[in-house]
Amino acid sequence: MAPGSVVRYVTDEEAPVFPLKMDKLMELSKELIETRFGTTKPELLADEFEFRFPIVELNKERFVEAFSSFKLDDAFPDMINDYYGFRMDPYIPGRIWFDTQGKGTHTGRFGGPFSYIAPTQKMVILPPQVLSFTFNEAGRLTYFTGGYVVDRRLGNTGGLGGVFGIMHAIGKTLPFPEARPFSLSYRYRFLLFLETAGRKIGAILSSTIMPLISGAGASSKKA
């Protein structure tokens with residue numbers, strides 16, 4: 001630990017003061033999840049509501065319309081979504097964080113822009129993702145973030161979250177870079193190659209040339 005640094009282990013009890021306590025925020029969070037994030041009960045969403053996943057930003061009207069149109073429940077009638085690890089944000093009042101993982105089989109039809117995709121019968125195993133809800137003092141959701149994968153090695157979505165991950169897992173990867181699995185750039189791979197090559201060259205020099213130099217030095221001293 002660097003001199004002068006401070007380590008703190010913050011608990012929910014130390015979260016910023018907010019009129020709604022953890023038990024109430026948990027109750028509101030569960031209601032949102034069970035109403036498909038408020039899309040079947042829009043009154044749970046504040047008028048100024050914002051939805052922000054890694055590259056998607058929607059207001060209340062567009063979010064309700066878009067999320068409802070996908071019909072994920074129809075496409076994956078056996079989908080099981082687990083939610084866990086609910087905790088208070090230690091800095092932002094009224095914000096609660098939690099994690100999710102899920103799996104299901106694509107046996108039904110999507111709606112909206114993906115309605116053309118026939119059931120693939122493929123199992124989708126989503127990686128662990130972190131989400132957050134931020135509430136106002138009236139208990140309405142103002143800000144919803146998610147889709148952030150915390151271990152891209154898990155699942156079969158290529159490390160992608162949200163709809164991007166689902167599309168990739170069923171073999172319908174969307175046609176733009178952000179919807180494709182992460183891969184190292186050529187530039188970064190080249191830098192890794194140079195670093196590895198440098199270490200190997202250094203090891204060769206240390207094991208061959210340096211002993212010769214050391215031996216020559218010792219011989220000259222004896223002479």
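Derivation of every value follows stated rules applied to the coordinates shown; laboratory data play no part. If you're wondering where the values come from, they're calculated on a predicted model, not measured in any experiment. Note that each Cβ is placed from the backbone with ideal geometry, even for glycine, and that neighbours are counted across all protein chains shown.
List of remarks:
- Virtual paramagnetic centre 7 Å along Cα→Cβ of residue 48, amide N under 16 Å, in the stretch 143-178: 143-144
- One decimal place: the segment residue 204-residue 123 gains 24.3 nm when fully extended, by the rule 0.36 nm per residue minus the C-alpha distance.
- Our note on the geometry: Cα centres of the stretch 1-44 and the stretch 64-118, 19 Å apart.
- Exposure proxy for 168, 106: other Cβ atoms within 10 Å of each Cβ, ordered fewest to most, give 168, 106.
- For the chain, built as a Gaussian network whose Cα springs stay under 10 Å, the top-fluctuating residue of 131, 58, 192: 192
- Placing unit charges on each Cβ (+1 for Lys and Arg, -1 for Asp and Glu) gives the chain a dipole about its Cα centre, and among 70, 148, 183 the Cα reaching farthest toward its positive end belongs to 183.
- Here the contact order of the stretch 1-160, divided by its residue count and restricted to Cα pairs under 8 Å and six or more residues apart, works out to 23 percent.
- Taking label positions 7 Å along the Cα-Cβ direction at both residue 66 and residue 183, the computed distance is 2.6 nm, reported to one decimal.
- In the stretch 12-179, one over the average inverse separation of all distinct C-alpha pairs is 16.6 Å, which is the Kirkwood hydrodynamic radius.
- Scanning the chain for DSSP H helices at least 24 Å long along the axis (C-alpha atoms) with a Kyte-Doolittle mean no lower than 0.0 picks out 186-222.
- Distance in nm between pseudo-label sites at residue 116 and residue 56 (7 Å out along the Cβ direction from Cα): 1.9 nm
- Charge dipole (debye, nearest 20) of the stretch 57-214; +1 at Cβ of Lys and Arg, -1 at Cβ of Asp and Glu: 580 debye
- Chymotrypsin sites (Phe, Trp or Tyr not before Pro), loop per DSSP, at most 13 other Cβ atoms within 10 Å - longest free stretch of the chain: 10-90
- Signed unit charges on C-beta, dipole axis of the chain, positive-most listed residue 3, 38, 196: 196
- Sorted by Cβ density within 10 Å, fewest first, the residues 99, 82: 82, 99
- Segment residue 12-residue 26, extension gain: residue separation times 0.36 nm, minus the distance between their alpha carbons: 3.8 nm
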